[in-house]
Amino acid sequence: MTNLSTKILPWLAFASSLIPACTGGSNGTGNAGNSGGVAGTTSTGGTGTSTGGTGGTTGTAGTQTSSAGTPGSGGTMMGSAGTSVSGSSGSSAAAGGGDTAGSSGTAGGGGGVTGSAGTTGVGGSSGMGGAAGSLGPGGAPPACQTPAAIGGSPGSVDVDLTMTVNASVSPDLMGVHTSVYDGNMQLPTTPDLLKAAGVKSLRYPGGSYADLYHWSLHKGTYTPASGSGSNMIYVAPDTHFGKFLTFMEKVGANALITVDYGMNSLGNGGGEPNEAAAWVAYANGSTSNTMTIGPDSKGTDWNTVAFWAGLRAAAPLPADDGYNMFRISHPAPFGIKYWEVGNELYGNGWYYGGCGWEADMHLPYPESGTCTDRMNNAALSPAAYGNGVKAYSQAMKAVDPSIKIGGIVVAHSDTEYTNWNSMVLPNACASMDFASVHWYAGTSLATLATVPGPEIPKVFQRAHTATGTASYNCPGGANMPVAITEWGPNTNGNNVKIPMSTATAAPAGSQIIGLFAAESYANFMEQGAMAAHWLELHNGSYLAGVDATNDPFTTMNDSPRWGYHAAQLAHFLATGGDKMVKAVTSTTGFGTDVKSHAAVHENGDIAVMLTNVNASSDAAMTVNVTGGTLACVGTRYAYTPVNGDQDGGLTGDWLFANGQGTAVTVLVPKYSSVVVVFPHK
């Protein structure tokens, strides 16, 4: 957090629980904001040494801005990759510590001098606090070798490269929340870390904040709805939309913007489509487009497309007239493609009464703060929201017809908000381009890693069934794209409970959450998700920071945690344009405690993810490949725990297929997830 953090302790408690929570009913639409938990002091990366040749020097490990070490020149076939001497966590055991904000220094551990990567050596884990580098063993690949014997209980996985599960992974799949209350959004280390995890989509301006945040004013309006946060609203100074766009460009990502359905810019009535249209104009409009957006129903004039585009193109004035935050000297439109209308409006009080958790001023809140007239009130109904989606879509696409509009679809459960889709979609779906779904999963920490496989396909089946209903006239029908715009473990009530970190490691069980996240990414890829936005960037579960929560394991900003580690690992499995293919774990031998997924990259490389959810046994998994041939030398990326079940870091090393290129045996330690990547032969 910034130096404002000591002044906003009440907000921090809210931001790490209620806001991301969008707290809902019994089945987990709710709180994932505290899914980050907290994670502890980083251990100091030691000095990497090497026998393989001459390497580059790194910046001092553990400083916020140090760079990851450059790889040394490739060594001989039996050269060493350099040993990694770390602090208390050990070289591969940096749970948000030894493996923190430099996602990796290549081949040499977390600091000091990296030697040339010996071709058979193991890459060191990443250093603390540095800029992200490439993760892997480093150096040139070695010559082909006979595979070494691998310990662990034997098992097998069959991969059929001819059996397509998803023909093309979405280029926008890897996403994360970037919220206006994130005082760490502008840290200089963050963009490179997000690049290293393959992040391509940023959801803005937040979850429940989206329905109370006024983009043109960079402020929010408090309501009694619990999701709007205790008795105060906090908006960080450097998170306004102009700053967000420059941050987005540094990351090399696009965005999914959630426009304010809940209230107008005056905070005295429901959201206004013209306000959203002006937002599109600022992001995507041409400075020569004189189309009038005009006043909304409360009289606020949203001017012309050229007015907003002109602000974007202009340089700041010497004397700020209130618009300097939008003057960013960027004449070219940003071309933001995805926009969704509102956030979790089924939480506005219509279903369960009270004030709800989602701000919605289509029915004003009483001054007393006690809501008695919201349940089943037509102004707050799903049908009213459906009509709103249509009006918003028309206004926004009048400014830029190329944008894609999302509406809220209930697919996380088949027992909650059961009539939402049937009331919303008849009015909305013809104006929608994608379904926006939230998914918070699990009923206990111990079983969380086993949830994605059986549950994620059900989520997508529900969404496709809803949009495939012929009478709703949804574009694409059952094939309408689905974006998981919020997801994480269900930390509501007594479901997934995450303990505090210790002084030397991340929370007990945090590795299980990382395995849950890695498995979720793989399942999202197989199901064809348009995007999946982890909640959230700086809440301690993705990139941790030093802030007023006083987490004992976090001593520097942008320390990677379990959500980040999972994303980083998963992006080695597949990225945009890659093809997911069939992988099946045999029930014999080690059995199905190892979950398997496979992909063929656009360049022909073959990748397999293996996740061992067994807490006590390592697995030696033989991956049998049909429909193609592995090159002899591949790379193994491993996400492994410390202290049995606490979030660890990623390492990379070489491994070798059999002589025919039809199989490779892979060590998958207990509570670990591994991705192997081989060039095709």
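The values are calculated or read from the model by the stated rules, or taken from the named source; none is laboratory data. Since the structure is predicted, the reported quantities are computational estimates derived from the model, not experimental observations. We place every Cβ from the backbone using ideal geometry, glycine too, and count neighbours over all the protein chains shown. When the accessible area is computed, the model is the full protein with side chains, heavy atoms only, and any ligands, DNA or RNA have been set aside. Shrake-Rupley method; radii C 1.70, N 1.55, O 1.52, S 1.80 Å.
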So, in the stretch 139-164, of the ones that are part of a strand (DSSP E or B) and touching a Phe, Trp or Tyr at 6+ places or on another chain (Cβ under 7 Å), which residue ends up most open to solvent (accessible area, probe 1.4 Å)? P154
Output for the stretch 262-288, where each listed residue is under 27 Å from the mean Cα position of the chain (by Cα) and either within 22 Å of R327 (Cβ to Cβ) or open to solvent by 10 Å² or more (accessible area, probe 1.4 Å) (or both): A276, A277, W279, V280, A281, Y282, A283, N284
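Taking the options E358, E416, name whichever one is open to solvent by less than 20 Å² (accessible area, probe 1.4 Å), acidic (D, E) and out of contact with any Phe, Trp or Tyr (no Cβ under 8 Å at 6 or more places or on another chain).
From the options E358, E416, the qualifying one is E416.
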Condition met for M291 (modelled with pLDDT of 95 or more and open to solvent by 30 Å² or more (accessible area, probe 1.4 Å)): yes
Complete set of residues in the stretch 329-346 that are touching a Gly at 6+ places or on another chain (Cβ under 8 Å) and more than 19 Å from G207 (Cβ to Cβ): P333
By residue number, the members of the stretch 320-349 that are within 21 Å of K219 (Cα to Cα), assigned to a loop (DSSP other than H, G, I, E, B) and not aliphatic (A, V, I, L, M) are D320, D321, G322, Y323, R327, G342, N343, E344, N348
Matching residues, the stretch 260-280, being touching an Asp or Glu at 6+ places or on another chain (Cβ under 8 Å) and part of a helix (DSSP H, G or I): P273, N274, E275, A276, V280
Can you tell me which of W357, W339, W302 is within 18 Å of A277 (Cα to Cα), among the aromatic types (F, W, Y) and in contact with a Leu (Cβ under 9 Å, 6 or more places away or on another chain)? W339
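Okay, residues lined up against (1) without any contact (Cβ under 8 Å) to a residue 60 or more places away in the chain; (2) open to solvent by 10 Å² or more (accessible area, probe 1.4 Å):
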| position | (1), (2) |
| --- | --- |
| A478 | yes, yes |
| W487 | no, no |
| P499 | no, yes |
| P507 | no, no |
| S510 | no, no |
| A517 | yes, no |
| E526 | no, yes |
| A531 | no, no |
| H538 | no, yes |
Among the residues of the stretch 660-681, the number that are part of a loop (DSSP other than H, G, I, E, B) and either in contact (Cβ under 8 Å) with a residue 40 or more places away in the chain or in contact with an Asp or Glu (Cβ under 6 Å, 6 or more places away or on another chain) (or both) is 5
Residue under question is Y352, and the condition is that it be on the phi > 0 side of the Ramachandran plot, touching a residue at least 60 places away in the same chain (Cβ under 8 Å) and assigned to a loop (DSSP other than H, G, I, E, B); does it hold? no
Every residue in the stretch 243-255 that is open to solvent by less than 10 Å² (accessible area, probe 1.4 Å) and of a type in the set (V, I, T), please. V251
Report whether or not K397 is in contact with a strand residue (DSSP E or B) (Cβ under 6 Å, 6 or more places away or on another chain) and either on the phi < 0 side of the Ramachandran plot or at pLDDT below 95 (or both). no
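Hey, any hits in the stretch 282-297 for a residue that's over 30 Å from G349 (Cα atoms) and part of a strand (DSSP E or B)?
yes
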Looking at the stretch 608-619, can you tell me whether even one residue there is open to solvent by 20 Å² or more (accessible area, probe 1.4 Å) and part of a strand (DSSP E or B)? no
Single residue of A503, A566 found to be touching a Phe, Trp or Tyr at 6+ places or on another chain (Cβ under 7 Å) and either open to solvent by less than 10 Å² (accessible area, probe 1.4 Å) or assigned to a helix (DSSP H, G or I) (or both): A566
Note down all Cβ pairs under 7 Å where the first residue falls in the stretch 427-451 and is at pLDDT below 95, the second is among the aliphatic types (A, V, I, L, M) and open to solvent by 10 Å² or more (accessible area, probe 1.4 Å), and they're at least six residues apart or on different chains. none
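Per-residue answers, yes or no, for (1) at positive phi; (2) without any contact (Cβ under 8 Å) to a residue 40 or more places away in the chain; (3) out of contact with any strand residue (DSSP E or B) (no Cβ under 9 Å at 6 or more places or on another chain); (4) not polar (S, T, N, Q):
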{"position": "T300", "(1), (2), (3), (4)": "no, yes, yes, no"}
{"position": "N303", "(1), (2), (3), (4)": "yes, yes, no, no"}
{"position": "A306", "(1), (2), (3), (4)": "no, yes, yes, yes"}
{"position": "A315", "(1), (2), (3), (4)": "no, yes, yes, yes"}
{"position": "G322", "(1), (2), (3), (4)": "yes, yes, yes, yes"}
{"position": "H330", "(1), (2), (3), (4)": "no, no, yes, yes"}
{"position": "F334", "(1), (2), (3), (4)": "no, no, no, yes"}
{"position": "V341", "(1), (2), (3), (4)": "no, no, no, yes"}
Residues of the stretch 190-218 classified as open to solvent by 10 Å² or more (accessible area, probe 1.4 Å) and in a loop (DSSP other than H, G, I, E, B), total: 5
Before we move on, is D578 on the phi < 0 side of the Ramachandran plot, surrounded by fewer than 24 Cβ atoms within 10 Å (Cβ to Cβ) and without any contact (Cβ under 8 Å) to a residue 40 or more places away in the chain? no
Confirm whether L173 is surrounded by fewer than 24 Cβ atoms within 10 Å (Cβ to Cβ) and either within 20 Å of N557 (Cα to Cα) or within 16 Å of the chain's Cα centre (by Cα) (or both). no
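Tell me which residues, restricted to the stretch 641-653, are touching a strand residue (DSSP E or B) at 6+ places or on another chain (Cβ under 6 Å) and buried (at least 24 other Cβ atoms within 10 Å of the Cβ).
Once the filter is applied, which keeps residues that are touching a strand residue (DSSP E or B) at 6+ places or on another chain (Cβ under 6 Å) and buried (at least 24 other Cβ atoms within 10 Å of the Cβ), the stretch 641-653 yields G648, L650, T651, G652.
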Options T221, T258: the member that is open to solvent by less than 10 Å² (accessible area, probe 1.4 Å), touching a strand residue (DSSP E or B) at 6+ places or on another chain (Cβ under 8 Å) and not aromatic (F, W, Y): T258
Return yes when V459 is of a type in the set (A, V, I, L, M, F, W, C), in a loop (DSSP other than H, G, I, E, B) and open to solvent by less than 10 Å² (accessible area, probe 1.4 Å) and no when it is not. no
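Quick check, is Y440 in contact with an Asp or Glu (Cβ under 8 Å, 6 or more places away or on another chain) and among the aromatic types (F, W, Y)?
When the stated conditions are applied, Y440 passes them.
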